[in-house]
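Taking it in order: structure first as structure tokens, then the write-up.
The values are calculated or read from the model by the stated rules, or taken from the named source; none is laboratory data. Please read all numbers here as calculations on a predicted model, not as lab measurements. Neighbour counts run over all protein chains shown; Cβ positions are idealised from the backbone, glycine included. Just the protein is used for accessible areas: all its heavy atoms, side chains included, with ligands, DNA and RNA removed. Shrake-Rupley method; radii C 1.70, N 1.55, O 1.52, S 1.80 Å.
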Amino acid sequence: MRIGVLALQGDVSEHVLALETAVKSLDIQGDVVRVRRKSELETVSALLMPGGESTTIAKQLDRFGLRQPILDFAASGKPIMGTCAGTILLSSEILDRRGQEVKPLGLMDMSVRRNAFGRQAESFEKPLKIEGLEGDFHGIFIRAPRIARIGNSVKSLAMLDGEHIMVIQGNILALTFHPELVPDHRIHAMFLKMLRP
Ligand code: GLN
């Protein structure tokens, strides 16, 4: 299998490495490639959308003509995972005080608030309990969005202080923290398992 990492902006190499490690840990055959073009998207069976700056990534999606191809990719049932800015792009609504700077893809029925933790607490780390994982997962939140609302078809996989931080809707997985920044690749492995029947 071939896994793609959307490589328009953000922490792309960290996700490539994390996915490569997860592929090895599951003892499966697979390679990980960077995706910038529609032709590259067509070669992968799962896509990871990294964190970074959602305003920039949204602009690049349009510039590279990737918006519709990603919507078609999702509609064909192939798994997509978004982290942080990637999650913002997967959402159906962005509650942004500064207006609609970012046009989301609308692949998951949820509303998010960008940079919702404010300036003083721009970044923080917390141990997390995640459904399906034993023990804690070390969560790193960097200017993270908040998931303000989820639709009925969205299932929460982890919460922190009463808020959803990891959610799944069919073939779409979204988290507000950065699993690529810790040497624990169980969430990337969980994503790869979405490829199995
Ligand atoms: N604050 C960024 C945004 O709004 C997201 C930050 C991140 O991906 N770490 O796009």
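Do the conditions hold for A58, that is, is it under 21 Å from I172 (Cβ atoms) and touching a residue at least 60 places away in the same chain (Cβ under 8 Å)?
Here the answer is no, as A58 does not meet what is asked.
With (1) in contact (Cβ under 8 Å) with a residue 40 or more places away in the chain; (2) part of a strand (DSSP E or B); (3) not hydrophobic (A, V, I, L, M, F, W, C) as the list, and S156 as the residue in question, which single condition is left unmet?
(1)
Out of V5, V12, I need the residue that is over 15 Å from F191 (Cα atoms) and among the aliphatic types (A, V, I, L, M). Which one? Let's see the steps before the verdict.
Values: V5 fails: over 15 Å from F191 (Cα atoms).
Among V5, V12, only V12 is over 15 Å from F191 (Cα atoms) and among the aliphatic types (A, V, I, L, M).
Taking the range 61-80, which residues are surrounded by fewer than 17 Cβ atoms within 10 Å (Cβ to Cβ) and within 16 Å of the ligand (Cβ to nearest atom)?
D62, the sole residue that qualifies.
For L192, work out the one condition from (1) more than 14 Å from the chain's Cα centre (by Cα); (2) at pLDDT 95 or above; (3) closer than 22 Å to L89 by Cα it doesn't fulfil.
The one condition L192 does not meet is (1).
Looking only at the range 34-45, how many residues end up being touching a Gly at 6+ places or on another chain (Cβ under 8 Å) and surrounded by fewer than 14 Cβ atoms within 10 Å (Cβ to Cβ)?
Here the count works out to 1.
Keeping to the range 139-161, report how many residues are away from the ligand (no atom under 16 Å from the Cβ) and at pLDDT 95 or above. Break it down into steps so the answer makes sense when it comes.
Start the filter on the range 139-161 by keeping residues that are away from the ligand (no atom under 16 Å from the Cβ), which leaves 149-159, 161.
Add one more test, that the residue is at pLDDT 95 or above, and what stays is 149-159.
Here the count works out to 11.
Mind telling me which of the residues E101, E125, E134 ends up being part of a loop (DSSP other than H, G, I, E, B) and in contact (Cβ under 8 Å) with a residue 12 or more places away in the chain?
From the options E101, E125, E134, the qualifying one is E101.
In the range 123-142, what residues are out of contact with any strand residue (DSSP E or B) (no Cβ under 7 Å at 6 or more places or on another chain) and over 29 Å from A75 (Cα atoms)?
Scanning the range 123-142 gives E134, G135.
Restricting the search to the range 141-166, which residues are surrounded by 13 or more Cβ atoms within 10 Å (Cβ to Cβ) and at positive phi?
Hit for the range 141-166 is R143, nothing else.
Any residue at all in the range 62-77 that's in contact with a Pro (Cβ under 9 Å, 6 or more places away or on another chain), assigned to a loop (DSSP other than H, G, I, E, B) and without any contact (Cβ under 8 Å) to a residue 60 or more places away in the chain? Show your work before the answer.
As a first pass, look at the range 62-77 and keep what is in contact with a Pro (Cβ under 9 Å, 6 or more places away or on another chain): none.
No, the range 62-77 has no match at all.
If you go through the range 81-98 one residue at a time, how many are part of a strand (DSSP E or B), more than 10 Å from the ligand (Cβ to nearest atom) and open to solvent by less than 10 Å² (accessible area, probe 1.4 Å)?
Of the range 81-98, the ones part of a strand (DSSP E or B) are 81-83, 93-94.
If we keep only those that are more than 10 Å from the ligand (Cβ to nearest atom) too, we end up with 81, 93.
Filter once more, keeping what is open to solvent by less than 10 Å² (accessible area, probe 1.4 Å): 81.
Here the count works out to 1.
Considering only the range 172-194, how many residues are crowded, with 20+ Cβ neighbours inside 10 Å, within 14 Å of the ligand (Cβ to nearest atom), not hydroxyl-bearing (S, T, Y) and not in a strand (DSSP E or B)?
The qualifying residues number 4.
Identify, please: which residue in the range 9-26 is without any contact (Cβ under 8 Å) to a residue 60 or more places away in the chain and surrounded by fewer than 16 Cβ atoms within 10 Å (Cβ to Cβ) and is, among those, farthest from the chain's Cα centre (by Cα)?
Only one residue fits best here, namely K24.
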